[in-house]
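The structure under discussion appears below in the form of structure tokens.
The values are calculated or read from the model by the stated rules, or taken from the named source; none is laboratory data. No experiment lies behind these values; they were computed from the predicted model shown. Here the Cβ is made from the backbone with ideal geometry for all residues, glycine too, and neighbour counts use every protein chain on show.
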Amino acid sequence: MAMTSSARDELPDQSPASSDPDEEYRAAVAAFKTELNAFRKRHPNSSFEALEKTVARRHPHLTVGKTTLNDATRADRPLPTSRTLTAMVMALTDDPAEVADWQQRLADLTPPAVPSPLGPPELSTTGGHPGRRQRRWLLVVAIVAVLIGSNAATFFITRHMSTPSPPAVRTGDNPIATDCVADARPAANSTDNPAFLLELIFSPSCDAGWGRITRLAGADTNNILSVTIYRNTDPSGPSRQLATEPDTHSAFSTLIIRDNPTDRLCVTGWATIDGQRTDSPTPLCI
């Protein structure tokens, strides 16, 4: 029997679904890789070969090849591992907090059908209860702590899950390996020498400071950066901290703990350009 037009009108719509979860996932992965590559290109001296060398020099426990780093940004390759992503972002920024942000984004892309090897399923849930989101964040930071060997990341876990006494921080410690990075901020900066940005980084919780120098004029290769921090009352004393790094875009010193609230800290720096040294004209003090 022929179907009347009214009967056809009453049939449910059997058109295909308007969205394909697999297609949406592939699009999200492609967007992640595109943004990661754009993030890389915003930093100087960021070719994959240069990044491979930077990782080998600064973070040898994360050594990764240039081909693997390149694959991390290619849409036709699988998502990077946590180790590869950490190596790339640390080589670009030396910033554990930036690593944690990218690790969170990578975790968000874990396919729902793949059980997480890092814990129960609720830890990889993106929406819903704020407690689950917080636990997921803590999990990501824990991964970063393991990968970069940094107490800076585990500080966030101990702060949220318990209240133990913080580990002792001493003058001469690497700030990246301490809890001090959690609240550290540039307390003073200067571009009096247009070749570089000079900064005095200060952590109120540790009452400690360190110097950082970042090249502004390019020419990272075959040149040197140097930064020094010292007590204003004892500029040449044993607490003076110095860092001199070749072939790099940025360098930072080890830290100094202030003796008292009136203890002023000062930073100086210099760089070479085509082998010629150029110094900061005046100390930067707080």
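Quick notes
- Checked against (1) within 18 Å of the chain's Cα centre (by Cα); (2) surrounded by 15 or more Cβ atoms within 10 Å (Cβ to Cβ); (3) farther than 21 Å from Glu245 by Cβ; (4) modelled with pLDDT under 90, Ala56 passes all but condition (3).
- If you go through the stretch 50-103 and keep only what is closer than 22 Å to Arg185 by Cα and not in a helix (DSSP H, G or I), you end up with Asp94, Asp95.
- The requirement of being farther than 20 Å from Asn232 by Cβ, out of contact with any His (no Cβ under 6 Å at 6 or more places or on another chain), among the hydroxyl-bearing types (Ser, Thr, Tyr) and crowded, with 22+ Cβ neighbours inside 10 Å is satisfied by Thr178.
- Of all residues in the stretch 217-250 being aliphatic (A, V, I, L, M) and touching a Ser or Thr at 6+ places or on another chain (Cβ under 7 Å), the one that is nearest to Cys266 (Cα to Cα): Ile229
- Selection of the stretch 230-286 for residues being assigned to a loop (DSSP other than H, G, I, E, B) and among the charged types (D, E, K, R) yields Arg240, Asp247, Arg258, Asp259, Asp263, Arg264, Asp274.
- Val227 being in the same structural domain as Gly269 (by TED's automatic domain parsing), buried (at least 18 other Cβ atoms within 10 Å of the Cβ), among the aliphatic types (A, V, I, L, M) and in a helix (DSSP H, G or I): no
- Cβ pairs under 6 Å, 6+ apart, first in the stretch 55-78 and outside the structural domain of Glu245 (by TED's automatic domain parsing), second hydroxyl-bearing (Ser, Thr, Tyr) and not in a loop (DSSP other than H, G, I, E, B): Val64/Thr84; Thr68/Thr84; Ala72/Thr84
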